[in-house]
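S.K.: Below: one structure in structure tokens.
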Amino acid sequence: MFLTLLKSKIHRVKVTQAELNYVGSITIDEELMEAAGILENEQVHIVNNNNGERLITYVIKGARGTGIICLNGAAARKAQVGDVIIIISYVMMTEEEARTFKPTLVFPDENNKPVR
């Protein structure tokens, strides 16, 4: 049996762009992706703290060090620039693995830079 657990979370990051005329996804600064252990094309869940919207999409790697968080395509309708969101990834594992697994939690600063 496999369980689905929190793999990683980028907590309370600000949306910097919303591009409606784009094939759907979320663009995330490569530095934040690495800090959270999120890979390009990985599925993520997005929770918007400002309006309660939730969505599922995949990740596109953004330019390192820019702080970019851009909702693309239809997802752009779910947030506005400046909204605070949480980006969540999950992983499936056995119960035995789950008992010792620790998720990666990233708490960015006000400029969307990972705080170490």
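Values quoted throughout were computed directly from the atomic coordinates according to the rules given, and no laboratory measurement underlies them. These numbers come from a predicted model, not from an experiment. Every residue, glycine among them, receives a Cβ derived from its backbone with ideal geometry; neighbour counts consider all protein chains shown.
S.K.: Once you've got the GNM for the chain with C-alpha springs shorter than 10 Å, pick whichever of Glu40, Glu53, Glu95 has the biggest mean-square fluctuation.
M.R.: Glu95
S.K.: What is the distance in Å between the Cα centroid of the stretch 91-116 and that of the stretch 42-79?
M.R.: One Cα centre to the other: 18 Å.
S.K.: Still on this structure, I have one more. Determine the principal axes of the Cα atoms in the chain, then give the extent along each, sorted from largest to smallest and rounded to whole angstroms.
M.R.: The Cα atoms of the chain stretch 43, 29, 24 Å along their principal axes.
S.K.: Also, quick follow-up: Which percent, to the nearest 5, of DSSP beta bridges fully inside the chain are antiparallel?
M.R.: Numbers: 24 of 34 bridges.
Among the beta bridges of the chain, antiparallel pairing accounts for roughly 70 percent.
S.K.: Lysines near Lys78 by alpha-carbon distance under 24 Å, same-chain residues fewer than 8 away left out - which ones?
M.R.: Counting by Cα, and skipping residues close in sequence, Lys78 has these lysines nearby: Lys7, Lys9, Lys14, Lys61, Lys113.
S.K.: If you don't mind, there's one more thing I want to ask. Taking the number of other C-beta atoms within 10 Å as the exposure measure, put Leu71, Leu105 in order starting with the fewest.
M.R.: On the way: Leu71 30, Leu105 12.
Lowest to highest Cβ neighbour count: Leu105, Leu71.
S.K.: What list do you get for Tyr90, Tyr58 if you sort them by fewest beta carbons within 10 Å?
M.R.: With the fewest neighbours first, Tyr90, Tyr58 line up as Tyr58, Tyr90.
S.K.: With θ set to phi - 60° and the Karplus curve 6.51 cos²θ - 1.76 cosθ + 1.60, what are the ³J(HN,Hα) couplings of the stretch 7-21 in order, to the nearest whole Hz, using x for Gly and Pro?
M.R.: Here the 3J(HN,Hα) series is 8, 7, 8, 9, 9, 6, 9, 8, 6, 9, 8, 9, 10, 5, 8 Hz.
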